[in-house]
1. Within 10 Å of each Cβ in peptide A:38-51, how many partner chain Cβ atoms are there on average? Round it to a whole number, please.
2. Report ³J(HN,Hα) in whole Hz for each residue of segment B:100-114, in order, from the Karplus equation J = 6.51 cos²θ - 1.76 cosθ + 1.60 where θ = phi - 60°; Gly and Pro get x.
3. Taking each residue of B:203-215 in turn, how many C-beta atoms of other protein chains fall within 10 Å of its C-beta, and what is the average?
4. Hey, which of these cross-link pairs are over 24 Å Cα-Cα: B:211/B:241; A:211/B:120; A:241/B:109?
5. For every other residue with a beta carbon closer than 11 angstrom to the beta carbon of residue A:192, add +1 if it is Lys or Arg and -1 if Asp or Glu, then tell me the sum.
6. Would you please state the base-10 log of I(q)/I(0) at q = 0.19, 0.21, 0.23 1/Å for segment A:180-264, with intensities from the Debye formula using one equal scatterer on every alpha carbon?
7. With +1 on the Cβ of every Lys and Arg and -1 on the Cβ of every Asp and Glu, and nothing else charged, how large is the dipole of segment A:101-170 about its Cα centre, in debye rounded to the nearest 20?
8. Just the isolated ones, please: cysteines in chain A lacking another cysteine beta carbon under 4.7 angstrom.
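Any read-out appearing in this document is the output of simple, stated calculations on the displayed coordinates, not a laboratory observation. Computed from a predicted model, the values in this text were never measured in an experiment. Positions of Cβ are backbone-derived with ideal geometry, glycine not excepted, and every protein chain shown enters the neighbour counts.
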There are 2 protein chains.
Amino acid sequence: MGLAAGPRAFLVSVGNELLIGRVVNTNAAWLGRRLTELGFAVAGCIVVPDDLDSIAWAFTAAVERGARVVVSTGGLGPTYDDMTAEGLARAMGVDLVLDEEALRMVSEKYRGELTESRVKMARLPRGARPIANPLGTAPGVEVEWRGALIFLLPGVPAEAEAMFASHVEPRLRSLWQPACRAEAVLRSLGVPESVAAPVVREALKLGVYVKSHPRGAELGAPLLELHVTAQGGSCEEAREKVERAVRFLAEELGRLGARVERVAP
Amino acid sequence: MGLAAGPRAFLVSVGNELLIGRVVNTNAAWLGRRLTELGFAVAGCIVVPDDLDSIAWAFTAAVERGARVVVSTGGLGPTYDDMTAEGLARAMGVDLVLDEEALRMVSEKYRGELTESRVKMARLPRGARPIANPLGTAPGVEVEWRGALIFLLPGVPAEAEAMFASHVEPRLRSLWQPACRAEAVLRSLGVPESVAAPVVREALKLGVYVKSHPRGAELGAPLLELHVTAQGGSCEEAREKVERAVRFLAEELGRLGARVERVAP
């Protein structure tokens, strides 16, 4: 049960604004979707405040939970409370060191006008490499630690997405050959979720993952959405599993009195 | 640095849909805001898939990180992959037991038509109490464990919010007398974040928390938003700290060439 197979990925989101509810964590949803599409099992997301000890804990926990890839967002800027690189260095038990390439990146952005707050953005955990930021000023960071590949991206969504596309995704594609993934979405009208539950459980034996979402009612009849996903060594295998489960669900829920239609893909 | 003082609270969000990015975690933002307003320091949010081991880990980690209050959302429904109560029971090392009051709640919702999938929603970790769900079918759960008060709420936002308002908030208010919190928001036009950084750092010495957010530029001049918050034993004390910091920031950033205006409250 739980998530489909695939190397485990973890997300770390850094920023008080996420925890006090001033900002909704859309970065995690975006990264979760992209990593899933690339074949990873996103096994957790840890949101922590701008606090060294919390940040260090989050990276340690992700790696101890078996993450092969960790992607963080937030805390890479010039201010005193941007401390993701330092928090990761603390977790790794290494120093922060001034990286020449990162310094060149930062210096270019500010046309050579460097201040201590700006130079700070070029201090990386020892052993790490900077990632170019095409849209903003803070470089990203890539480093390996305890069998995991860790990427630190900025919190500004446009910057994080651009750097994921230009750097993280190509790196992941070069290292992992992900399995193929297929999905389908069904709408079932006429049986409540608790009645559909035993059928859904039975469908799992076909090697798929099924999640049911109650969507209220239509003309008094309970409406359910069923998301069916499967992975396979080949795309054909994944598709076949999904099709078998879709047929099974339509037939069995129909037998219970539901009208079932496929809404995607 | 980090979050303001106040008893530590943690959020646990359960559901594959959050990790694969099909759903954005608005529950965490809503709960984070409410807990912050009640005077808690929201010190982390852990998002885990529908998987017993992951759920048990999340509750254990929250408590080990010093949470006095843990609020989870998701995984309380009738389907096979709703397993938050069982995951918490595993963490606590106790059985799931059929709770008479919870069973009465569930039975009422279904007018006595109980099935195994429905009865499942009345199985709580030993020692827990059910929380009435005014909008949906799955009861919530309240239990104490290792010095923390743990609340399990459903994942449907309207249900979680209603149960927080009707049950969780009154419970928290009866147990903790929170400190008062004040805030202000400033807009600074004309200096980049990296130049404002030393001034912001200096303002922290006034007992406030300041977070700066770059908001692009206006007519070529960099625009920053500064959020100033403080807590105090009394509301007056919190307000005074904020006012002192606002005056300091306006004066010092003005000295660097910025135009500073207060936009809230």
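1. On the way: counts 0, 0, 1, 4, 7, 6, 10, 10, 7, 12, 6, 8, 5, 5.
Other-chain Cβ atoms within 10 Å of each residue's Cβ, averaged: 6.
2. Coupling constants for segment B:100-114: 4, 5, 5, 5, 4, 4, 5, 4, 4, 4, 9, 6, x, 7, 8 Hz.
3. 3
4. Numbers: B:211/B:241 15 Å; A:211/B:120 17 Å; A:241/B:109 36 Å.
Listed pairs above 24 Å: A:241/B:109.
5. Values: positive: B:109, B:118; negative: A:193, B:113.
Computed value for this residue: 0.
6. Listed by q, the Debye log ratios stand at -0.73, -0.87, -1.01.
7. Computed charge dipole of segment A:101-170: roughly 300 debye.
8. For chain A, the answer is A:45, because their Cβ atoms have no other cysteine Cβ under 4.7 Å.
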